[in-house]
Structures are given as C-alpha cells and as structure tokens.
Amino acid sequence: MTDDIARIVDDGIGRIARVGDLDSLAEVDRDLFGKQSALATIKAGMRDLEPAERKAIGQALNEAQTRLRAAIAERRESLSADLRRQRLDDERIDLTELRPAQRPGHLHLVTQTMERLEDVFVGMGFTVAEGPEVEDDWHNFTALNLPAHHPARDMQDTFFVDLGEPGDVVMRTHTSPVQIRLMESTTPPIYSVMPGRVYRQETADATHLAVFHQIECLVVDEGISFANLASTIDTFTKAYFGDGFSSRLRPSYFPFTEPSAEFDIRRPDGSWLELGGCGMVNPNVLRNVGIDPEEYSGFAFGFGLDRLAAMRHGVPDLRQIASVDIRFVRQF
Ligand code: PHE
C-alpha cells in the first residue's frame, strides 16, 4: 500500500508540474484530495488494518499529503506570478506614443511666452536665474531700497505669509528679489534674466491677476550707462517682436532704480504698448548687496508676461489666461 501511496505522489507531482493555469491546478487539487480520490480511498480502508500497519500507512499518507500540498502551493505561486506579469504586459500603455489623430498636450500659453522670451535673451548673451516665490522682507523690499514704512511699498499690495516674524515673509510681489539674490551670490559682471511667478493682493479683473508672471533683466558691470539700458531694450524689442517694432522710455519712479523710466513698445501701426519699468540700479541697492557703486554700475528692467501674451494672441480678458477651460487652453 505504501507503494500505491508513492505512485500517487509521483503521479500527482507530475500533474501539478504540467498544469498551465490556476483552474487546471484547482482541478488537480480536487482529484488528489477530494472524497473520491485515491488517497481518500486508502484512508477509508485504514480501519480494516492491523494497528502497526495502520500506523505506517497513516504516516505515509501524512507525508504524501504534505508533499502534494507543498507542490500545489508552489505551483499556485508561480502561476499567479505569471498571470500578474501577463496582465501588466497586456495593460501596458506607452505614454510616449503620440497618435496624430489625437491631440497631444502642449505647453500653456504663458509657459510658451516665457520660453520664447528666455530664448531671445539667451540669444543676446544673458543667463537665466531663478529664485523662491516665498520671499523675506529683505529680498523683496528692504534690500531694494524699500525700507519699512516706505510709502512706495503701497505700490505693490502684498500677500503676507504667516511664518517667522510678523510681516517678514511674503509672496514675492515682483521678480526683483532675484536681482538681490544674484548680486549677493555672484560678483559682477552680471548679465542675467529672471523669469517667474509673482503675487499681488488684487481682485482679478480683465487687466489684473493676483498671480501673474514677470521677467526681469539685470546687468551689472564696469561703465554701464543709461544708453546701454535704452539700446538693450530696443535690441530686445526688435528681436522679440520684430524689426518693425521700436521702444521708448518715459520718466518714472522706482525706489530700486535711479533714474527710473517706463518703457513702451511702438507697433508697426504706430500704436503704443506700455510694457514695463526700468532704470539704473540705485547705488543704495548695490551697497546693500556689497557691490561698490564707485566701481560698478548697472541697469534693470522688468515687465509682466501675461499681459504681453494676452495682447499678442488677442485675449480680451486676463482672467482667461488663468482659466483651466480646455477649450481656451487648446487654442494656443
Ligand atoms: N519690479 C518692478 C515692478 O514689478 C519692475 C521693475 C523692474 C522696475 C526692474 C525697474 C527695474 O513693478
């Protein structure tokens, strides 16, 4: 009878190894351990045996069951792994595959504008610098010649962050703090542009957003003059807008530049677009970052990007720029 048991085990192990899927394995399991199985029949016949023989057969039966169950468990494990692998393969999606018939995603209008502007400036020899959007008072205001209680602070309605000393942490109101970071961490010559997102506490309307984008240009070197500022703005204007465009400066005021100006772009049809602010870096600012104004001078200009993008693409309301309406986004 032990021979019978050995044969059942060999046979069973062979079948277990040959099954190709979990259903067939369950079937083998039933055949081996079910009520009608050969092992069950032997077990049922045990009551007619002599005690000594019964013990031997009982042991052989136990061992047989243990081996068969282990073989089934192992096979089940490996079949399940195959199945998982197969399913992963079947459900694999190639995210890099573009079907021409489908619309692939694209960069947002503002990002496209930002990248084009960066390209133009890089083509003119500038490097690109970035800074944090959450700023401290020093970089956003004080170092830019806007000490506490300076009335010009009201030019930029500020979002304060509840962090550190009261009033010390702000959402940056312009990209000019990146100038400070750059001048603090490098020595002139500096020829850089600083694009980024800025925040002002304003109610959004057709011409204002509370979250918008600026790009700023900073040059600090020996012998930099106002003529360099004007010609750089004009070179940029022609490189970005086209040969038919030109620029002009109008006197203005910013605490961080002296003298200061606003600059406008003249379109080929003779109309003007007010673009941004500029000026010679105020000597106080240079001193604040440890640059000797006797040795170096510089200029800076900055402008908003969203309005520029809206203008260029005939978007009548700036709030659309911030909208997530896919019908709007897809147009550009
Ligand atoms: N930071 C100024 C603003 O946001 C713009 C500006 C930049 C003016 C550089 C002068 C020089 O209003």
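The values are calculated or read from the model by the stated rules, or taken from the named source; none is laboratory data. Since this is a predicted model, take the numbers as computed values, not measurements. No Cβ is skipped: glycine too gets one built from the backbone with ideal geometry, and neighbour counts run over all protein chains shown. Accessible surface areas use protein heavy atoms only, side chains included; no ligands, DNA or RNA. Shrake-Rupley method; radii C 1.70, N 1.55, O 1.52, S 1.80 Å.
Taking a ≥ b ≥ c as the square roots of the eigenvalues of the Cα gyration tensor, region 2-91 is classed as prolate, since a/c reaches at least 1.5 and a/b is larger than b/c.
Here the chain is scanned for trypsin sites (Lys or Arg not before Pro) in DSSP loops (not H, G, I, E, B) that have at most 11 other Cβ atoms within 10 Å, and the longest stretch holding none of them is 93-329.
Looking at region 109-329, the DSSP beta bridges with both ends there are about 95 percent antiparallel. Excluding same-chain neighbours fewer than eight residues apart, the lysines reachable from Lys55 by a Cα-Cα span under 30 Å are Lys35, Lys43.
Projected onto its three principal axes, the C-alpha set of the chain covers 117, 50, 38 Å, listed from the longest axis down.
Along region 177-187 the Karplus relation, 6.51 cos²θ - 1.76 cosθ + 1.60 evaluated at θ = phi - 60°, assigns HN-Hα couplings of x, 5, 4, 4, 4, 5, 5, 5, 9, 9, 9 Hz to successive residues, with x for each Gly and Pro.
Positive-end ranking of Leu163, Pro151, Gly20 along the dipole of the chain, with charges on Cβ about the Cα centre, is headed by Gly20.
Between Val324 and Arg7, full extension at 0.36 nm per residue minus the direct alpha carbon distance yields a gain of 107.0 nm. The residues of the chain present an accessible area of 57 Å² per residue when probed at 1.4 Å with all protein chains retained.
The apolar share of the surface of the chain, taken as the fraction of accessible area on carbon and sulfur atoms (1.4 Å probe, ligands and nucleic acids excluded), comes to 50 percent.
Using a simple spin-label model with pseudo-atoms 7 Å out from Cα toward Cβ, Arg84 and Ala239 lie 5.5 nm apart.
Comparing Cα centroids, region 108-173 and region 1-68 end up 79 angstrom apart. As a calculated quantity, the FRET efficiency between Phe332 and Val211 at R0 = 22 Å, using C-beta atoms, amounts to about 0.70.
Cβ-Cβ distance of Glu202 and Ile93, R₀ of 51 Å, FRET efficiency by 1/(1 + (r/R0)^6): the value works out to about 0.75.
With a Förster radius of 30 Å applied to the beta-carbon distance between Gln112 and Glu295, the computed FRET efficiency rounds to 0.15. Taking the Cα centre of region 1-91 as reference, the dipole from Cβ charges on Lys and Arg (+1) and Asp and Glu (-1) amounts to some 300 debye.
Dipole orientation for region 261-332: of the candidates Gly270, Phe299, Val324, Val324 has the Cα lying most toward the positive pole (charges on Cβ; Lys, Arg +1; Asp, Glu -1). For region 278-305 and region 69-92, write down the distance between their C-alpha centroids in whole Å. Spelled out, the Cα-based centre of one part sits 68 Å from the other. Magnitude of the charge dipole for the chain, about its Cα centre and with charges confined to Cβ atoms of Lys, Arg (+1) and Asp, Glu (-1), is about 1320 debye.
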